[in-house]
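Take a look at the structure below.
No value in this document is a laboratory result; all are computed from the given coordinates. Owing to the predicted nature of the structure, the values given are computational and were not obtained by experimental measurement. In this analysis, Cβ positions are derived from the backbone assuming ideal geometry, glycine residues included, and neighbour counts consider all displayed protein chains.
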Amino acid sequence: MNVTVTGAGGQIGYALLFRLASGQLLGPDTPINLRLLEIPQGLAAAEGTALELADCAFGLLASTTITDDLTQAFDGVNVALLVGSRPRAAGMERADLLAANGRIFGPQGAAINAGAASDVRVLVVGNPANTNALIARSHAPDVPADRFTAMTRLDHNRAVAQLAAHFDVSVTAIEGVAIWGNHSASQYPDVFHATVRLKSGERCFVRDLVDERWLAAEFIPRVAQRGSEIIAVRGASSAASAAGAALDHVHDWANSTPSGAGQWTSAAVVSDGSYGVPEGLISSFPVRSVAGHWRIEPGLEIAEFSRARIDASVAELVAERDAVAALGLLATQ
Ligand code: NAD
Ligand code: LMR
């Protein structure tokens with residue numbers, strides 16, 4: 001499989017590439033040709049990482065190519081991890097990155113359209129991830145829309161971890177969490193369908209154990225602003241957790257998710273109009289991977305508390321879409 005990682009010389013790249021090459025992306029039986037795309041200033045860092053990759057002597061790593069050429073990077077690509085873009089610094093919101101980073105994703109979408117393998121899967125990590133994915137997708141009219149996704153798995157994992165800490169149980173005891181909307185502070189981490197297996201062994205609905213005040217004042221802001229918390233405490237945006245979430249996203253996409261009640265995950269996928277999210281927006285939903293495709297979980301009842309929050313985050317996505325359209329970053333089709 002040909003796997004392309006953009007921004008390979010950056011901090012997520014460094015946290016991602018070794019785990020990816022060890023088999024955590026596509027499993028222990030799939031050899032990988034790695035393509036590392038960087039801008040010229042980033043090539044030396046990517047070359048350094050490639051030297052270390054060689055020194056790990058990973059049996060699955062068939063080849064490593066480092067390039068600043070889009071055509072070479074995406075020719076025959078099966079999995080494209082679009083990480084490369086500027087991270088947010090302290091005091092910035094994702095919206096500040098719209099214009100700066102949006103320009104990166106049109107040419108990458110066009111190169112994917114021109115050269116990718118017919119089964120290509122694209123995950124956009126670089127922020128603002130949902131809207132960057134929308135830009136890339138608009139430049140790839142020949143690639144099925146459902147191949148373009150953006151990462152909200154980190155938010156999902158954060159929500160699971162926060163609930164597990166609250167109930168003092170393992171993360172494996174939590175099911176049925178969903179992230180809706182944008183990968184931004186407006187996202188809505190939804191626990192209304194979530195369950196927890198308590199230490200007693202009993203499985204309960206989270207909504208029966210917490211009140212709306214705790215959700216609104218503590219849980220939701222904690223999850224939605226975790227990126228800012230990491231930047232403030234660490235002095236740089238999340239890297240290892242982001243890399244882990246990218247591996248989780250692609251691994252589940254390629255290998256399917258369990259079919260049991262509540263055993264979905266979250267990903268930003270192209271909306272088919274479900275749950276009132278305008279068709280075509282790349283918005284986070286509860287999703288399952290079935291036969292290699294993300295499927296939005298159908299039929300969930302949306303509480304009034306949730307509806308307003310989903311709508312607010314989706315409204316932000318609409319505003320981002322309109323802003324990048326006004327900047328001429330969306331291809332007209
Ligand atoms: P970084 O600055 O350490 O690395 C970014 C790398 O991208 C740099 O090496 C840079 O040279 C390269 N780059 C810039 N423009 C490029 C282009 N046009 N083509 C190829 N490479 C390019 O940043 P990082 O910490 O690795 O973060 C990368 C992105 O991921 C940021 O936008 C960050 O906000 C985002 N992020 C998203 C999530 C998420 O959950 N979706 C989580 C964490 C970080
Ligand atoms: C995160 O969620 O950690 C990243 O998207 C970084 C950020 O800017 O919040």
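Residues Val287, Val120, arranged from fewest to most other Cβ atoms within 10 angstrom of their Cβ, appear as Val120, Val287. Tell me, which longest segment in the chain has none of the GluC sites (Glu not before Pro) that fall in DSSP loops with at most 15 further Cβ atoms within 10 Å? Segment 94-201 is the longest. Could you tell me whether the stretch 153-320 comes out rounded, prolate or oblate from its Cα gyration tensor? Rule is a ≥ b ≥ c as square roots of the eigenvalues, rounded for a/c under 1.5, then prolate if a/b exceeds b/c, otherwise oblate. Cα axes put the stretch 153-320 in the rounded bin. For the pair Ala291 and Thr257 in one chain, pulling the backbone fully straight at 0.36 nm per residue adds 11.3 nm over the alpha carbon distance. Potential lengthening of the chain between Asp142 and Arg19 amounts to 41.2 nm, from the contour at 0.36 nm per residue minus the alpha-carbon distance.
Quick note on the chain: its Rg to Rh ratio, both from C-alpha atoms and Rh being the Kirkwood radius, is 0.96. Among Leu209, Leu16, Leu34, the largest mean-square fluctuation in a Gaussian network model of the chain (Cα springs under 10 Å) belongs to Leu209.
The stretch 48-105 and the stretch 191-225 have their alpha-carbon centroids 36 Å apart. What the phi angles of the stretch 185-193 give under the Karplus curve with 6.51, -1.76 and 1.60, with θ = phi - 60°, is a coupling list of 5, 7, 3, 10, x, 9, 10, 5, 10 Hz, glycine and proline written as x. 3J(HN,Hα) along the stretch 313-319: 6, 5, 4, 5, 5, 4, 5 Hz, from the Karplus curve 6.51 cos²θ - 1.76 cosθ + 1.60 with θ = phi - 60°, whole Hz, x for Gly and Pro.
Taking the number of Cβ atoms within 10 Å of each Cβ as an exposure proxy, the fewest-first ranking of Met92, Met151 is Met92, Met151. The stretch between Ala44 and Glu301, if pulled fully straight at 0.36 nm per residue, gains 87.4 nm over its current Cα-Cα span. Site pair Thr30 and Ala308 shows an inter-label distance of 4.3 nm when each label is modelled 7 Å from Cα along Cα→Cβ. On the beta carbon distance between Lys199 and Ala114, with R0 = 35 Å, the FRET formula returns roughly 0.05.
Backbone N atoms of the stretch 97-117 closer than 12 Å to the 7 Å Cα→Cβ label point of Arg86 belong to residues 97-104.
For the chain, what is the calculated [θ] at 222 nm in deg cm²/dmol (nearest 500), taking -39500 (n - 2.57) for each run of four or more DSSP H residues and dividing by its residue count? Display every interim value, and only then the final one.
Numbers: 10 runs with 123 residues, N = 333.
Value at 222 nm, helices only: -11500 deg cm²/dmol.
Taking only the Cα atoms of the stretch 58-126, the radius of gyration and Dmax are 14.2, 43 Å. Angle of helix 98-115 to the longest C-alpha principal axis of the chain, folded into 0 to 90 degrees and rounded to 10: 60°. Taking Gly227, Gly201, Gly292 in turn, the Gaussian network model of the chain (Cα-Cα springs below 10 Å) assigns the largest fluctuation to Gly201.
Coordinate range of the alpha-carbon atoms in the stretch 2-150 per principal axis, descending: 41, 37, 25 Å. Out of Val206, Val83, Val125, any idea which swings most in a Gaussian network model of the chain, alpha carbons joined below 10 Å? Answer for the Gaussian network model of the chain: Val206.
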